[in-house]
Every structure is written in C-alpha cells, then in structure tokens.
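In what follows, a structure is listed as structure tokens, so that the remarks can point back to it.
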Amino acid sequence: MPITLSSASLPVFQTALSNLLHCLNKAEANAAARKFDPNVFVTMRLAPDMLPFASQIRIACDAAKNGTARLAGIEAPKFEDNETTFAELQARITKTLDWLATVSAASIDGREEAQITFPVGRDKTRTMTGEAYLKHWALPNLFFHVTTAYALLRHNGVDLGKADYLAGEQAGA
C-alpha cells in the first residue's frame, strides 16, 4: 500500500505529542522525587534569547493542530496560549491529541498538491503544496520544538533517554 498524506501526518503528530506528554509526566515524577515544584520547568531556557519551555510545548501543539488543519483544509481550534503551570501544559498536549483524533484521514488524503498558505512571521506568508508543507515545514517545526522541550527537561536533570523521545510509554517495555 502506498504512503498517504494522512498516514505521514496524523500518526506522526500523535506519536510525537504522546511521547512529549510521557516526557512531561516523567518530569513531574522526577520533580516529586527531588522534592521541588514542577512549575519551575515552565520558564526554563537553554539560552537567554530562546523561548521558554512553556512556549516550546505550545508551539509543538500548534505545529500539530495547525499542520493537520491546513492539510485537511479545515479550521484549527484556537487555544489561548495562556498556560502558566506544568499541569496546564500537560492539558494542552492532551487537548491537542483529543482534537487530532477527530480529524479523518479522508479529509487529508488527496490534498498533496493543494496550495497551503501559512504565516511565517509578522505580516509574511508562504505557500507550498500539501506534501511539501508536511515534509519541509510542519514536521520539522514539530520535531524542533518537541526536541527542544526534551532537551530542556534532560538538561535540568530529568532521567530521559532516546527511548522516551521515540517510544514514549513503551520505552520501558
């Protein structure tokens, strides 16, 4: 069976976010074991000029939901970007996963050549075909922010490994 646009997008978005949620759950347990409030993770950065952890989670979720919506030619849900606690960031991922589960493969498949115009900064847009958008924008953007969130947690002592990033809850199985 040939690969489809939906099979190259929906399960990849869902897996990446599920594994990210697993990493946050491990971070929460790590904070409890080390006896500190997991909310300290929310504002951490690797460099002074980078976006904080909370933004990495928001943007990873947005990459998945907006990417899916653009591929399907539907409206993405609007999230307020007002999460200030670790629990709210976990809920943001869950809310995104719940919405992704409502999108049908049929709404995405066959849109490989559809023209997708999307914002790329203030007052700028870019247009790509559906297939190019998925391969060269949506997935790289998702992975950049998931990886950055993982690196922030790892850098701050959370016991995470490559298996957590790739396999999530199945990492220990």
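The values are calculated or read from the model by the stated rules, or taken from the named source; none is laboratory data. For clarity, every value in this text was computed on a predicted model and none was experimentally measured. With ideal geometry, Cβ positions are generated from the backbone for all residues, glycine too; neighbour counts draw on all protein chains shown. Quick note on the areas: whole protein, heavy atoms, side chains included, nothing else; ligands and nucleic acids left out. Shrake-Rupley method; radii C 1.70, N 1.55, O 1.52, S 1.80 Å.
Observations on the model:
- As a summary of the residue check, Cys61 satisfies the conditions (1) within 19 Å of Ser107 (Cβ to Cβ); (2) assigned to a helix (DSSP H, G or I); (3) of a type outside the set (A, V, I, L, M) except for the one numbered (1).
- Residue count for region 31-51 under the criterion of being part of a helix (DSSP H, G or I), surrounded by 13 or more Cβ atoms within 10 Å (Cβ to Cβ) and touching a Pro at 6+ places or on another chain (Cβ under 8 Å): the result is 2.
- When region 142-173 is filtered for residues that are on the phi > 0 side of the Ramachandran plot and in a helix (DSSP H, G or I), only Gly168 remains.
- In region 103-122, the condition of being in a helix (DSSP H, G or I) and open to solvent by less than 50 Å² (accessible area, probe 1.4 Å) is met by at least one residue.
- Thr43 satisfies every condition listed in (1) free of Cβ contacts under 8 Å to residues at least 12 places away in the same chain; (2) under 12 Å from the mean Cα position of the chain (by Cα) except (2).
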